[in-house]
Amino acid sequence: MSTNLLLIHLQKSSSSVPLQTIIAALAHHLSVDLPTPTPLTASAVSSPYFLVYPPTNERLQGLVTAFRHAIHLKHRTLVKRAEEGWSLSQAIFSRGVEGGMREWVRAVNRGLQGGRAVIRLACCTGLLLGVKDLPQVGTSYGKVEDEVVIALAEVMDEYSSVTGDWEEEFRPKIDASQSLPLLPKAKLKALPLSPLAGFLTSTIAKAFHDGMFLRTNLDTSFKEVVQMLSTSPAMLSLAGLSKLTGLTLELLIETSARGIRDACTTMQVFQTIASRIEQDWRGSEFASVQNEDELCMDHVLFLRTSFVCSSSVGVASDTKDTYKSIWLMLKTLLFSIIMVSDSALAATVYVRPQALSPNEPQVTPHMLAKSVLQTLSHLSFVVSQFGGVTATATGADPGFVELRKAFYLALDVLSAEEPSGEQRSLGRDFNHCESFVKEIVTDLGVDTFVPGNKTHRSGTFHQAKTAYTLACIEQLVPSLGVSYLKDYVWRLCTPYLSDPSHRETYESAHSVVLSIFSSHAQQLQLRPSTDSDRRLSADHDDRASISNSLADPTNFVHRMVPFYAQCLIQNSQDGRLSTAQLRLAYSALVRSASTSGSIAEAHQLGWYCITLILDVIRDLSLEGTQGNDLDTGSRQRLHRLHLTLISTVSSLPLPLMIRVLEEIRSIITKPRQSESGVERLKDGVEERRKELVDTLFVEILEKVGEQEKEAAMRWWYAHRQAFLFENESYGTGMSAQVEEQNRPHIVARL
């Protein structure tokens, strides 16, 4: 297409030539044919073709593409010209590639002057994206950056003053501002950031139909609504919009006292969207489906009646496609929320507490963190698709790193100590963590999934939500009062401690209980010096002494110990807690029990836990010596309990530690008295005994505390020979036939 023909088409508001053809011709003529791009640039920005009102997103994106490609073509032309016609005089007196590019960009900028703001914004966005694509041409293009900021400010001023549904007209314009994250922060601060954050938030909300796209009372069919939203320009541009929203909130928080308030407003919008989606998802048949392969005919019929899927031919295929589109939209929403909240929360960490205004309610980082966590709670059924917030990263599969970062950052901000001014504003006894835990546990409601109820249609949904709630509580236990631990945390955990049907919920419940024991043990060691240190204090009273403030939590933990010890013993069976999990849990339980109350009480409670595990070991051992051979599961359970008993050595005080070591010695040396060497090797007894000895050695060497280390070492050297059989030679340094220096030697390996 020639230049004259291109100009003819640009002078028409509509053309029979495809948009792609016009864009390609514009990029070509701007960069190659003309001696200067200024006239053609001016003709393009003032042409009726691009000035059609309201300008469509396709034509604005076309302008971005045209100018972005033009700068690439111009750079390629200059490089080729420099390589083909090189001479010494040209090398000395010509501008070179970089100089030619600067002159060309200045000429384009001159052609943009006087154009409509939204058109200039699209053109400058294309220029800036092209410049960033070619870092070798230099970075001194401040004029383009300035023009982007000025054009966007004019667009915002123009559309914010228009009455009516101006947001519908503003939405395609903001899609054209993809270059804003590339601008220096110092230049972005010149923009009206608070209105920009509001515009961006509104655009993201409209992309998801304000969270109501799962509602059944829609004018068109459900399938058509999902298709329309999933392919809308705002949805396709959501990554850039979310990044720009996060950057805008970050700058607001850093530069304005109202920044946190604007961030909270944005997160409240996201929370409302997530809450509506959760409510609709909970009541739909989708709540019991984990992936599209599980869509059976019952689900199809439900969708036909509930979501007005009218076509009777190919319904199953259409339903699966719709289901996939819904999940894609839900995951996109989660990504958007994570991107925005991560930027906002990271900025709040470095913000100084603001002075309180008596006439205005205080908005704090705690409220922002609370809103983020509640939003993720509403989308917990989406979070579970990525393994949950507690998923462990591996080298090959790091998982959803950004999700875990935002989650734990929000918890850190929420649990941070409140400034004194905030305490005066909200009340001395107000605790953000307690308020949050109460709300999310209450939000589970009476419809909470009951372990073992496999027929519950929303079981998968509620399991994911419960697992997320437990993951939050686990990190906030040190900040909760004992009344909240009793009324909300303990009641929530108890049903899941013995039900491994949903692994994430099962393990999270145990982690919460262990967090309670760990926090209690740490508090007893630290002994708070002031009444304001109320971590596990019950019904805090300023006049109460330290001993009184700790009495109730101690009693509560004391009452938990017997139940949880029995629970762990029951969970030592196959298919429940792994050996590593059981050892860690029982060791933490014994450590907490052995540090509670007075010395006598602590010893009694700690030895009670040891007695329970010894009784089960003796019962299983007795069953195996009465002529009844233990099955494989029972032998594995017995060995698992042996290892668990060894793990408690480092958690016990000195008097109890010696008693447990003697019990362990009798367990290790017992098999040789009743079985021949052939039988021991055949049944794997030797291998298990070897593992017990090595585990005990590592426990004494690496985990026993300094106060008990000397006594443990003396005990080890006194009984080391008892752990050896004649004719042992399995290469651990424990054999009687090897040299003395090859035997396990604690002092040499310290």
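The values are calculated or read from the model by the stated rules, or taken from the named source; none is laboratory data. None of the values given here were measured: they were computed from a predicted structure. When we count neighbours, we look across all protein chains shown, and the Cβ atoms used for this are built from the backbone with ideal geometry, even at glycine. Quick note on the areas: whole protein, heavy atoms, side chains included, nothing else; ligands and nucleic acids left out. Shrake-Rupley method; radii C 1.70, N 1.55, O 1.52, S 1.80 Å.
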On a 1.4 Å probe surface of the protein chains, which of M713, M367 comes out largest in accessible area, and what is the full order? M367, M713
At 1.4 Å probe size, what's the solvent-accessible area of I8? Round to the nearest 10 Å². 90 Å²
Would you mind computing, in nm to one decimal, how far apart the modelled labels at A24 and L134 are, each placed 7 Å from Cα along Cα→Cβ? 2.1 nm
Here the gain from full extension of K331 to H72, 0.36 nm per residue of separation minus their alpha-carbon distance, amounts to 89.8 nm
Which residues does a label at V52 reach in region 1-23, if reach means a backbone N under 20 Å from a point 7 Å past the Cα toward the Cβ? 5-23
Local electrostatic count, L252, Cβ distance below 11 Å [Lys/Arg +1, Asp/Glu -1]: 0
Whole-Å distance linking the alpha carbon centroid of region 178-250 with that of region 1-71 is 27 Å
Put a dot 7 Å past each Cα toward the Cβ at T442 and A186; how far apart are the dots in nm? 5.0 nm
Could you tell me whether region 463-526 comes out rounded, prolate or oblate from its Cα gyration tensor? Rule is a ≥ b ≥ c as square roots of the eigenvalues, rounded for a/c under 1.5, then prolate if a/b exceeds b/c, otherwise oblate. prolate
Using a 1.4 angstrom probe with every protein chain in place, what is the largest-first accessible-area order of S284, S634? S634, S284
Rounded to whole Hz, the Karplus (6.51, -1.76, 1.60) HN-Hα couplings of region 691-708, x for glycine and proline: 5, 5, 5, 5, 5, 5, 4, 5, 4, 6, 5, 10, 10, 5, x, 5, 5, 9
Quick one: which of K206/K465; K187/K405; K12/K187 span more than 31 angstrom between C-alpha atoms? K12/K187
Once amide H atoms are built 1.01 Å from N in the peptide plane, which residues 5 or more positions from G399, or in another chain, come under 5 Å H to H? T394
Grab the beta carbon distance between I658 and R503, set R0 = 25 Å, and tell me the FRET efficiency rounded to 0.05. 0.05
Mind listing the phi-derived Karplus ³J(HN,Hα) values for region 205-212, rounded to whole Hz, using 6.51, -1.76 and 1.60 with θ = phi - 60°, and x for any glycine or proline? 4, 5, 4, 10, 6, 6, x, 10
Taking the Cβ of G130 as the center, what net charge do the other residues with Cβ under 11 Å away carry, scoring Lys and Arg +1 and Asp and Glu -1? +2
Per-residue accessible area, 1.4 Å probe, largest first, puts S256, S179 in the order S256, S179
Just subtract the alpha-carbon distance of K320 and D694 from 0.36 nm times their residue separation and send over the number in nm, one decimal. 129.2 nm
In sequence order, what are the phi-derived ³J(HN,Hα) couplings for region 477-484 according to the Karplus relation 6.51 cos²θ - 1.76 cosθ + 1.60 with θ = phi - 60°, rounded to whole Hz, with x for glycine and proline? 3, x, 9, 9, x, 5, 5, 6
Calculated FRET efficiency, K80 and A257, Cβ-Cβ r, R0 45 Å, to nearest 0.05? 0.25
Rounded to the nearest 0.05, what FRET efficiency do L622 and Q570 give with R0 = 22 Å and r taken as the Cβ-Cβ distance? Could you check? 0.70
